[in-house]
Amino acid sequence: MSLATSAPLAIDRATCLALDAADPLAAYRDRFALPDDLVYLDGNSLGALPQATAAHVAHVITEEWGTGLIRSWNDAGWFAKPLVLGDRIAPLIGAAEGEVVLGDSTSASLFQVAVAAARLRPDRRVIVSERSNFPTDLYILDGVQQLLGRPAPLERRLIDDGGPSLDEVLDDDVAVVVLTHVDYRTGRMHDMVEVTRRVHSAGAIMVWDLCHSVGAVPVDLNGADADFAIGCTYKYLNGGPGSPSFMWVAERHHAVASPAVTGWHGHATPFDFDVEYVPADGVTRFRVGTPQLLSMAALEASLEIWGEVDLADVREKSLRLTELFISLVDSRLAPWGVEVVTPRQSAKRGSQVALRVDDGYAVMQALIERGVIGDFRAPDLMRFGFAPLYVSHADVWDAIAVLEEVLATGVWREPRFARRGTVT
Ligand SMILES: Cc1ncc(COP(=O)(O)O)c(C=O)c1O
């Protein structure tokens with residue numbers, strides 16, 4: 001059912017409850033420790049806490065660390081954990097076993113793979129990204145340019161919706177293209193297959209940032225023939241604040257890829273304590289040092305859920321929720337000049353919707369006070385993420401009702417809603 005095109009005014013809360021009753025993913029909501037009186041539409045920023053996480057982390061702390069102590073590096077499989085969990089993320093992104101490894105922050109992992117990507121094209125001098133990319137990606141690429149820009153400096157080219165386009169910047173001097181698959185602000189999704197094809201036809205290497213894709217939309221990195229990818233696990237994967245990022249390296253690059261940071265966990269024989277660095281085989285060489293095992297424990301618990309879920313169901317529900325939200329914005333919030341900036345064409349949309357609203361920051365704070373949590377991105381975007389495992393159609397209805405009330409009463413004008421916290 002296409003809600004956006006089929007008489008949106010006929011939808012009411014009872015219709016939403018009926019859609020929830022027929023939802024094959026509905027039961028997953030009980031797997032999360034979400035307060036009953038909250039509509040949580042910020043899983044695109046920090047995913048909800050799975051019910052099983054606290055007990056699993058407690059087990060790792062008290063049993064594996066407390067009792068097992070140093071023995072757990074072998075007995076509890078700690079040393080292999082970044083690869084074991086990487087293999088569990090692999091099916092979510094169209095990767096094969098042995099192609100994914102957990103890293104440090106997403107920013108650090110991007111540095112690790114972007115340097116490796118650029119080194120695969122040593123005769124080329126240009127790195128391409130896009131102006132609307134998440135800023136850390138651009139900052140990290142700046143660092144890559146500084147590191148590799150000798151003897152001749154590397155050039156950065158940024159594509160933009162207003163031009164230049166990808167085709168306009170691609171030439172035989174481009175070494176690497178780094179794009180975020182689903183835009184962090186607007187939710188606009190690139191065509192991974194087509195973009196990768198064009199980048200390859202210019203002879204360049206394709207790196208995808210999957211932060212807003214993994215667990216939100218089906219991804220097929222090998223199907224798209226991409227080269228490298230990175231992503232975070234604290235958004236739709238629900239790994240918890242600061243959970244580790246992942247890196248994917250296409251198998252064809254394993255033997256030659258040369259990562260930026262060459263630490264002992266990426267060594268072929270780390271416990272020989274050799275003075276010379278010899279890279280491990282495969283994606284293991286992208287490891288650096290001692291992994292964050294307590295964060296990995298939280299991620300391990302949430303990946304149990306992802307091992308059960310059919311991503312086709314996730315995508316179908318995600319599109320239903322975002323279509324419903326967009327159609328209700330159109331039908332009920334037009335009087336306040338609310339503008340949907342997320343693509344209406346489903347093939348171009350991830351699992352979030354952004355609204356352009358004057359004074360969006362204050363409006364969002366008033367919404368949060370009323371139990372509907374989204375977030376705000378400067379200068380004027382209110383972002384709403386729809387994590388299909390725990391967001392219901394009734395949540396969408398209720399969020400719109402509260403937003404309508406906040407706009408109609410003008411309560412957001414109260415001065416306390418304008419006060420900015422450090423994190424928006
Ligand atoms: C697209 C994108 N890339 C990178 C990052 C940065 O991730 P980290 O803070 O884990 O380095 C974010 C954070 O939200 C993001 O949205």
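I'd like the accessible area for Leu293: 1.4 Å probe, protein heavy atoms, all chains in place, Å² to the nearest 10.
30 Å²
Which three extents, in whole angstrom, do the alpha-carbon atoms of region 198-240 cover along their principal axes, largest first?
Result, largest extent first: 38, 15, 12 Å.
Give me the dipole magnitude in Debye, nearest 20, for region 79-306 about the Cα centre, with unit charges on the beta carbon: positive for Lys and Arg, negative for Asp and Glu. Spell out each step's value before the answer.
Details: 18 positive and 30 negative charges, 75 e Å.
Dipole size: approximately 360 debye.
Calculate the spin-label point distance for Ala33 paired with Ile70, positioning each point 7 Å from the Cα along the beta-carbon direction, and give it in nanometres.
About 3.3 nm separates the two model spin labels.
Check which residues have an amide H placed less than 5 Å from Val176's amide H, if you skip close sequence neighbours.
Residues meeting the amide H criterion: Val126, Val128, Ile205.
Between Arg156 and Arg197, what length comes free when the chain is fully extended (0.36 nm per residue of separation minus the Cα-Cα distance, one decimal in nm)? Mind showing how you got there, number by number?
On the way: separation 41, 0.36 × 41 = 14.76 nm, distance 2.07 nm.
Gain in length upon complete extension: 12.7 nm.
What does a probe at Ala58 reach in region 76-101, counting residues whose amide N is under 14 Å from the point 7 Å along Cα→Cβ?
none
Using a probe radius of 1.4 Å on heavy atoms only, what accessible surface per residue do you get for region 79-306? Whole Å² is fine.
Values: 8550 Å² over 228 residues.
Per residue, region 79-306 has an accessible area of 37 Å².
Tell me the mean residue ellipticity at 222 nm calculated for the chain from its helices only (DSSP H runs of n ≥ 4, each -39500 (n - 2.57), averaged over every residue, nearest 500). Let's see the in-between values first.
Details: 13 runs with 138 residues, N = 424.
So the calculated ellipticity at 222 nm is -9500 deg cm²/dmol.
With 10 Å bins from zero, work out the P(r) of region 79-306 over every alpha carbon pair and list the percent per bin.
All Cα pairs, binned at 10 Å, distribute as 8, 35, 37, 16, 3, 0 percent.
Karplus couplings for region 162-171 from phi (6.51 cos²θ - 1.76 cosθ + 1.60, θ = phi - 60°), rounded to Hz, Gly and Pro as x?
Once θ is set to phi - 60°, the couplings for region 162-171 become x, x, x, 8, 4, 4, 6, 9, 6, 8 Hz.
Output ³J(HN,Hα) for region 279-288: one whole-Hz value per residue in order, computed from phi by the Karplus curve 6.51 cos²θ - 1.76 cosθ + 1.60 with θ = phi - 60°, and x for Gly and Pro.
Once θ is set to phi - 60°, the couplings for region 279-288 become x, 5, 6, x, 5, 4, 5, 7, 5, 10 Hz.
Could you rank the peptides 263-272, 347-356 by their average count of other C-beta atoms within 10 Å per residue, with the highest value first? Could the numbers behind the result be given before it?
Numbers: 263-272: 14.7, 347-356: 22.4.
Those peptides, ordered most packed to least, come out 347-356, 263-272.
Which one of Ala301, Val249, Gln352 is farthest out on the positive end of the charge dipole of the chain, using unit charges on Cβ (Lys, Arg +1; Asp, Glu -1) and the Cα centre as origin?
It is Gln352.
In Å², what does the accessible area per residue of region 382-423 work out to with a 1.4 Å probe?
42 Å²
Taking the Cα centre of the chain as the origin and placing charges on Cβ (Lys, Arg +1; Asp, Glu -1), which of Gly163, Phe228, Ala76 is farthest toward the positive end of the dipole?
Towards the positive end, the residue furthest out is Gly163.
Could you look at region 375-424 and say what percent of its accessible area is carbon and sulfur, using a 1.4 Å probe and all protein chains?
Working: 1170 of 2100 Å².
Of the solvent-accessible surface of region 375-424, carbon and sulfur hold 56 percent.
For region 90-213, with all protein chains present and a 1.4 Å probe, just round the carbon and sulfur fraction of the accessible area to a whole percent. Walk me through the numbers before you get to the answer.
Details: 2450 of 4850 Å².
Carbon and sulfur together cover 50 percent of it.
Hey, if you drop one equal point scatterer on each alpha-carbon of the chain and run the Debye formula without solvent, what base-10 log of I(q)/I(0) do you get at q = 0.08, 0.10 Å⁻¹?
After summing over all Cα pairs, the log10 values are -0.47, -0.72.
When Lys and Arg each count +1 and Asp and Glu each count -1, what net charge do the other residues less than 10 Å away from Arg383, Cβ to Cβ, add up to? List each step's numbers first, then the result.
Working: positive: Arg185, Arg377; negative: Asp42, Asp375.
It works out to a net charge of 0.
Hey, got the dipole for the chain? About the Cα centre, +1 on K and R Cβ, -1 on D and E Cβ, debye to the nearest 20?
The dipole magnitude comes to about 680 debye.
In whole Å, how far is the Cα centre of region 276-291 from that of region 39-92?
21 Å
How much net charge surrounds Ala298 when only other residues with a Cβ under 15 Å from its Cβ are counted (Lys, Arg +1; Asp, Glu -1)?
Values: positive: Arg31, Lys81, Arg88, Lys235; negative: Glu64, Glu300, Glu304.
Summing Lys/Arg as +1 and Asp/Glu as -1 gives +1.
The values are calculated or read from the model by the stated rules, or taken from the named source; none is laboratory data. The model shown is predicted, which means the values in this text are computed figures rather than measured ones. When we count neighbours, we look across all protein chains shown, and the Cβ atoms used for this are built from the backbone with ideal geometry, even at glycine. Keep in mind that these areas ignore ligands, DNA and RNA; they rest on the heavy atoms of the full protein, side chains included. Shrake-Rupley method; radii C 1.70, N 1.55, O 1.52, S 1.80 Å.
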